[in-house]
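Trainee: There's a structure below that I have some questions on.
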Amino acid sequence: MRVTFAHGLWSSTDSSKAAWMRAQGWEVVTVNMRKHGWDQASQTRAVLEVIDEQGPFDVLIGSSFGGLATANAAAQRPNLDLRLVLLAPAFGYPDLVNKTLGSDAMALWEQTGTHAFHPPGWEEPIVLSWSFMEAVRELAWPDLPHPTAILHGSEDDIVPLSNSEIAAANNDGVSLHVVEDGHRLHQSLEALLPLTRLVMDA
């Protein structure tokens, strides 16, 4: 099986999820998500380039911010025969950031033009411009015109399960699968096996 994998915002092409997929014997094309930049429009562009230049693929897989980018890329190719599996996709991302930082920090970010994030395990903070937030506003809730399965943990403290519930309720052909796991879904990767078959058979 040939799949794409779009990693999360603070992850990398060395993602353990991609390594797990390869261990299943899958051919995995890992998207260099920061090839064009950090914002959602740039990362959607990175996924689109892989779809257009290296396709076809059996399934498009994306995690968190990469799941949102995968959904946005697929939405821009409604006439292609695409199948998606999204892992805790970051739908509604602007609200997630606002909830994490608070209104005062958000206002300061907009006023000064930059905000420094220090991802877990990173030696140096990442400074993002306010354009990062402007880019994601129009891409927070993409249409899902293709057969799509969403895997989301009931204990996710980063992206609320309710966001995936909204996406599934508002799009035909989308199924939501809930597991007892956190945002990283490291205990639930075996669920990818039936979910990829599900969307391929749709």
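A short reminder: the numbers here are calculations on the coordinates, not readings from a lab. As the structure is a prediction and not an experimental result, all values here were calculated from the model. Here the Cβ is made from the backbone with ideal geometry for all residues, glycine too, and neighbour counts use every protein chain on show.
Trainee: Which of the residues that make up segment 100-118 are surrounded by 12 or more Cβ atoms within 10 Å (Cβ to Cβ) and under 20 Å from the mean Cα position of the chain (by Cα)?
Mentor: Answer for segment 100-118, where residues must be surrounded by 12 or more Cβ atoms within 10 Å (Cβ to Cβ) and under 20 Å from the mean Cα position of the chain (by Cα): just Phe117.
Trainee: Kindly indicate the residue of segment 119-134 that is of a type in the set (Phe, Trp, Tyr) and touching a residue at least 60 places away in the same chain (Cβ under 8 Å) and also surrounded by the fewest Cβ atoms within 10 Å (Cβ to Cβ) among those meeting that condition.
Mentor: Trp122
Trainee: Please find, among Ala90, Ala69, Ala74, the residue that is part of a loop (DSSP other than H, G, I, E, B), touching a residue at least 40 places away in the same chain (Cβ under 8 Å) and within 19 Å of Ile150 (Cβ to Cβ).
Mentor: Exactly one residue qualifies, and that residue is Ala90.
Trainee: Select from segment 10-60 the residues that are part of a helix (DSSP H, G or I), among the aliphatic types (A, V, I, L, M) and under 20 Å from Met200 (Cβ atoms) and list them in ascending order.
Mentor: Within segment 10-60, Ala18, Met21, Ala23, Val47, Val50, Ile51 qualify.
Trainee: Being surrounded by fewer than 17 Cβ atoms within 10 Å (Cβ to Cβ) and polar (S, T, N, Q) is the filter; apply it to segment 172-202 and report the residue that is nearest to the chain's Cα centre (by Cα).
Mentor: My answer is Ser175.
Trainee: I would also like to ask the following. Take Ser162 and tell me if it is surrounded by fewer than 20 Cβ atoms within 10 Å (Cβ to Cβ), among the hydroxyl-bearing types (Ser, Thr, Tyr) and either assigned to a strand (DSSP E or B) or touching a helix residue (DSSP H, G or I) at 6+ places or on another chain (Cβ under 8 Å) (or both). Steps first, please.
Mentor: On the way: surrounded by fewer than 20 Cβ atoms within 10 Å (Cβ to Cβ): yes; among the hydroxyl-bearing types (Ser, Thr, Tyr): yes; either assigned to a strand (DSSP E or B) or touching a helix residue (DSSP H, G or I) at 6+ places or on another chain (Cβ under 8 Å) (or both): no.
When the stated conditions are applied, Ser162 does not pass them.
Trainee: Mind checking which pairs have a first residue in segment 25-44 that is of a type in the set (D, E, K, R) and a second that is not in a strand (DSSP E or B), Cβ under 6 Å, 6 or more apart or different chains?
Mentor: Lys35/Ala46; Asp39/Phe132; Asp39/Ala135
Trainee: A further question on this structure: Test of understanding: among Ala140, Ala116, which residue is in a loop (DSSP other than H, G, I, E, B) and in contact with a Pro (Cβ under 7 Å, 6 or more places away or on another chain)? Before the answer, list the steps.
Mentor: Values: Ala116 fails: in a loop (DSSP other than H, G, I, E, B).
Exactly one residue qualifies, and that residue is Ala140.
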